[in-house]
Amino acid sequence: MSNPLISTSALSKDFIVRERGHKSVVSAVRDVSLEIAAGETLGVVGESGSGKSTLGRCILGLETATSGTVTFDGTTLTGLSSRELHGHQRDMQIIFQDPYSSLNPRRTALQQVMEPLEVLTDRRDMRARALEALDRVGISAAQAERLPRSFSGGQRQRIAIARAIVVRPRFIVCDEPVSALDMSIQAQVTELLQELQRDLGLTYMFISHDLSVVREIATRTAVMYRGQLVEVGPTAALFASPKHAYTHRLLDAVLVPEPAVARERLANFGASVRSALDIPAEAQLVEVEPGHWVREG
C-alpha cells in the first residue's frame, strides 16, 4: 500500500494489573503493524479480549501506546503533545458500541452533536452544521431538541454517528457500532454507515464480533488473537479460504445464521481455543497471496 491514510508499526499496549498485592503485565496489543488505505473499511475481528478495541483506542490516542508508532497521512502521531494532537483530532473520530451510555442524558440531541464543533472547530455556524449532520442520519430538526431518553436505541446510535461526522473527519473507528441493536436496526445502521462512506469519502476501522456484518461492510479483514494479528487479507478471500488455524476455528464457531447462537459460541470460544493453540512469540506475518498475510505457527 503506497500511501496509506493510517499505519501502525510494531504498536503495543501493556496494562499493569494488581491483584492480591501482586503486580503483573497484560499485553493487550502486541507488535501490531498494519495499514489502512483512504476510503476503505478494515474490519477487525476476534474473540472478546483479543485487543480489538484497545488497538482502535491506541490509534486515536485515547490510550497511550507502550511502544510502536501511529502515522496519519504521513504524520507520526506517537509522542506528540496533547496540544499537537489536538490539530489531528478533527480528522479522527470514534463511534462507540453502546448508544445508551455514549450520550449525555442531560443534553439534547442537538447539543450532543454541537459539542465536538465547540471543541475542535472555529465555532462558526455550529447549529446549522449540527442540524445538517442530524438530518444526514435521519434525525429531523423537530427531534433535535429532545433528550436521549426520547429516542430508541437505533436513533441514539444515529445521533452518535452524527456527532462523529459533524466535524468532517477522514477516519472513524467504529467500535462495535451495531452490536447493541436489534437485527433489523443493525441492517439500517450498517447501510447508513456505507452511505456516509460513499458520500463523505470516509475511511473506517470497523471493530466487531459479528462476522456476518464484517463480511458485508469490510474491504479487508484483520483477525486478532491475544493482542496479535494472525491474519490480514481481502475480506472475500479470507472468509472463503482462511489460512490461519485460529481464523478457521473462529469462522467455524460463530459464522452461523442465528446471531444469538453466534454470540453464545463466541462467549465460550476463547478458553477452548487458547488451550489448543499456541503461537510462538517470534512468529512473523508472511504474505501467502498478494495482500493476504498470515502469522506463522
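Run a plain Debye calculation on the chain (Cα atoms as equal point scatterers, no solvent) and give log10 I(q)/I(0) at q = 0.09 Å⁻¹, rounded to two decimals, same order as the q list. Reported log10 I(q)/I(0), two decimals: -0.45. Residues Met224, Met183, Met126, ranked from the fewest to the most other C-beta atoms within 10 Å, line up as Met183, Met126, Met224. Quick check: the angle from helix 183-200's long axis to the longest principal axis of the chain, C-alpha only, nearest 10 degrees? That helix lies at roughly 80 degrees to the long axis. Helical content of the chain, expressed as a calculated mean residue ellipticity at 222 nm, amounts to -11000 deg cm²/dmol (DSSP H runs of 4 or more residues, -39,500 (n - 2.57) each, divided by residue number, nearest 500). Give the cross-link partners of Lys52 among the lysines, using a straight C-alpha distance below 16 Å as the criterion and excluding same-chain residues fewer than 8 apart. Leaving aside lysines fewer than 8 places away in the same chain, those within reach of Lys52 are Lys13.
Please list the three semi-axes, largest first and in whole Å, of the ellipsoid equivalent to region 16-151, using sqrt of 5 times the eigenvalues of its alpha carbon gyration tensor. Before the final figure, lay out each step's value.
On the way: eigenvalues 209, 83, 49 Å².
Semi-axes, largest first: 32, 20, 16 Å.
In loop segments of region 58-143 as defined by DSSP, the trypsin sites (Lys or Arg not before Pro) with at most 11 further C-beta atoms inside 10 Å of their C-beta are Arg106, Arg123, Arg124. In sequence order, region 156-166 has phi-based couplings of 4, 5, 5, 5, 4, 5, 4, 4, 6, 8, 5 Hz under the Karplus curve 6.51 cos²θ - 1.76 cosθ + 1.60, θ = phi - 60°, and Gly or Pro positions carry x.
Rounded to the nearest 5, what % of the DSSP beta bridges within the chain are antiparallel ones?
Bridges in the chain that DSSP calls antiparallel: roughly 65 percent.
Loop sites by DSSP among the GluC sites (Glu not before Pro) of the chain, restricted to those with at most 16 other Cβ atoms within 10 angstrom, leave 1-144 as the longest stretch without any of them. Around His292, with a cut-off of 13 angstrom between Cβ atoms, what is the net charge of the other residues, counting Lys and Arg +1 and Asp and Glu -1? Cβ neighbours under 13 Å give a net charge of 0. Region 36-81 and region 82-106 have Cα centres spaced 15 Å apart.
For region 172-182, the Karplus equation 6.51 cos²θ - 1.76 cosθ + 1.60, evaluated at θ = phi - 60°, returns couplings of 10, 8, 9, 9, 6, x, 10, 5, 8, 10, 5 Hz by residue, with Gly and Pro reported as x. Counting only residues at least eight positions apart within a chain, or on another chain, the aspartates and glutamates with an alpha carbon under 19 Å from that of Lys243 are Glu47, Glu231, Asp252, Asp278, Glu282, Glu287, Glu289, Glu296.
3J(HN,Hα) couplings calculated from phi for region 284-294 with the Karplus curve 6.51 cos²θ - 1.76 cosθ + 1.60 (θ = phi - 60°) are, in sequence order, 10, 6, 10, 7, 8, 8, x, x, 10, 10, 9 Hz; Gly and Pro show x.
Cβ neighbours within 10 Å, averaged per peptide: list 52-62, 6-16 in order, most packed at the top. Mind dumping the intermediate values first?
On the way: 52-62: 22.2, 6-16: 17.8.
Listed from highest to lowest mean packing, they are 52-62, 6-16.
Note on region 193-213 and region 128-173: Cα centroid distance 16 Å, given to the nearest whole angstrom.
Readers should treat all values here as calculations from the given coordinates under stated rules, not as data from a laboratory. Please read all numbers here as calculations on a predicted model, not as lab measurements. As a convention, Cβ positions derive from the backbone with ideal geometry for all residues, glycine included, and neighbour counts pool all protein chains shown.
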